[in-house]
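The values are calculated or read from the model by the stated rules, or taken from the named source; none is laboratory data. Not measured: the values here are computed from a predicted model. Cβ: placed from backbone, ideal geometry, glycine included. Neighbour counts: every protein chain shown. Just so you know, the surface numbers come from the protein's heavy atoms only, side chains and all, with ligands and any DNA or RNA stripped out. Shrake-Rupley method; radii C 1.70, N 1.55, O 1.52, S 1.80 Å.
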Amino acid sequence: MTRPAPIFCLAGPTAAGKSAATLALAQRWPLEIINVDSATIYRGMDIGTAKPSVREQTLVPQHLLDIRDPAQSYSAAEFRTDTLRLIDEIRARGRMPLLAGGTMMYYKALREGLDDLPQADPALRATLEARAAQEGWPALHAELAERDPVTAARLAPNDSQRIQRALEVCILSGQPMSNLLQRRSRAATVETTDREARDEVSGHRYITLSLEPSDRTALHARIAQRFDAMLDAGLLDEVRRLHARDDLHPGLPSVRCVGYRQMWAHLDGVTDLDTAREQAIAATRQLAKRQITWLRAQPDRVIVDCLAEDAVGQVIDAVAGEVSG
């Protein structure tokens with residue numbers, strides 16, 4: 001049986017240089033980019049998300065940018081549906097799809113499918129939000145600790161989005177969300193531990209090109225430099241425009257994005273700007289750590305040291321080897 005053509009996934013932690021590698025690849029092959037990023041989907045959030053510039057978007061077609069208003073949500077299930085459709089459309093045009101970005105949850109949903117959990121219930125969510133407005137999210141976190149202590153233990157008392165979802169699942173299913181997730185994990189292990197076999201059964205063969213740092217301290221320095229560049233480019237004014245809207249609040253996924261959350265707290269008068277900057281850089285480092293941890297659990301990835309002088313060249317060579325092969 002003929003193996004399906006590869007779909008390249010250019011992944012890596014924040015500040016690893018994914019954008020530069022993406023543009024270099026687009027100069028060699030007829031690519032279209034599918035952005036794997038839960039922040040660049042939002043309109044009006046350009047600087048803090050390091051969204052591709054207008055010039056970059058004219059150089060290569062880009063998808064899943066600016067598809068939601070910051071007041072709206074976008075799920076991993078929607079990403080999976082949109083991406084599978086885009087892959088087929090891009091290939092029908094005789095071009096190569098390239099997935100690029102650092103939202104690992106999206107990659108997981110695409111390649112492994114979705115957890116068999118109850119769908120969102122708008123009425124129940126409205127009820128939970130009303131209760132949180134009166135009692136506070138820590139009170140709902142305490143309730144979650146009674147219903148599902150395993151999930152509650154990994155969530156902060158003010159993590160409104162995840163607390164709401166975990167309670168929703170508990171109420172709708174009558175079971176702790178941790179039990180449902182554990183059951184699915186066991187089933188997936190029994191089904192197959194061969195990622196390539198799963199990909200080929202799905203009709204797609206994914207190859208992950210992973211930009212990873214050989215020196216975590218050097219990546220941290222890059223993160224700080226990039227955030228300061230965002231501040232110089234007007235990040236605070238960008239957040240100020242969002243902050244002025246009556247329909248946005250810190251509980252929304254858009255406002256909870258790293259960098260935006262800390263600048264929002266500064267505009268609320270909770271912190272001074274220097275403290276907000278330090279918190280944003282620290283949060284970005286934590287995000288990078290989680291991204292790297294997820295990538296290192298993927299045994300079939302092609303590793304490229306993002307700090308190497310020829311990192312972009314190594315990515316090009318990896319793609320060339322697969323395309324020619």
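For this structure, a couple of remarks:
- Yes/no for S254 being in contact (Cβ under 8 Å) with a residue 40 or more places away in the chain, hydroxyl-bearing (S, T, Y) and in contact with an Asp or Glu (Cβ under 9 Å, 6 or more places away or on another chain): yes
- Region 243-265, subset over 24 Å from the mean Cα position of the chain (by Cα) and not acidic (D, E), residue surrounded by the most Cβ atoms within 10 Å (Cβ to Cβ): R245
- Hey, A5 modelled with pLDDT of 95 or more and of a type outside the set (F, W, Y) or not: no
- Residue among R85, R111, R93, R80 that alone is modelled with pLDDT under 90, under 25 Å from K18 (Cβ atoms) and charged (D, E, K, R): R111
- For the criterion of being in a helix (DSSP H, G or I), at pLDDT 90 or above, touching a Phe, Trp or Tyr at 6+ places or on another chain (Cβ under 9 Å) and more than 19 Å from L114 (Cα to Cα), V255 fails.
- Single residue of R240, R277 found to be crowded, with 19+ Cβ neighbours inside 10 Å, touching a residue at least 12 places away in the same chain (Cβ under 8 Å) and charged (D, E, K, R): R277
- Qualifying residues in region 302-319 (those that are over 11 Å from E212 (Cα atoms) and either in contact (Cβ under 8 Å) with a residue 60 or more places away in the chain or open to solvent by less than 50 Å² (accessible area, probe 1.4 Å) (or both)) - the one farthest from the chain's Cα centre (by Cα): G313
- Residue count for region 86-134, restricted to those that are in contact with a helix residue (DSSP H, G or I) (Cβ under 9 Å, 6 or more places away or on another chain) and farther than 25 Å from K51 by Cβ: 16
- Within region 70-84, being out of contact with any strand residue (DSSP E or B) (no Cβ under 9 Å at 6 or more places or on another chain), assigned to a helix (DSSP H, G or I) and under 23 Å from T49 (Cβ atoms) holds for A76, A77, E78, F79, R80, T81.
Residue-wise test of (1) in a helix (DSSP H, G or I); (2) under 25 Å from the mean Cα position of the chain (by Cα); (3) within 30 Å of A26 (Cβ to Cβ).
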| position | (1), (2), (3) |
| --- | --- |
| L98 | no, yes, yes |
| G102 | no, yes, yes |
| Y107 | yes, yes, yes |
| L110 | yes, yes, yes |
| L117 | no, yes, no |
| L124 | yes, no, no |
| R131 | yes, no, no |
| P138 | yes, no, no |
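- Cβ-Cβ contacts under 9 Å between residues 6 or more apart (or on different chains), taken from a first residue in region 153-182 that is more than 20 Å from P122 (Cβ to Cβ) and part of a helix (DSSP H, G or I) to a second residue that is of a type in the set (D, E) and open to solvent by less than 60 Å² (accessible area, probe 1.4 Å), are listed as S178/D148; N179/D148.
- Taking region 270-301 as the range and being assigned to a loop (DSSP other than H, G, I, E, B), within 17 Å of the chain's Cα centre (by Cα) and not polar (S, T, N, Q) as the test, only A297 passes.
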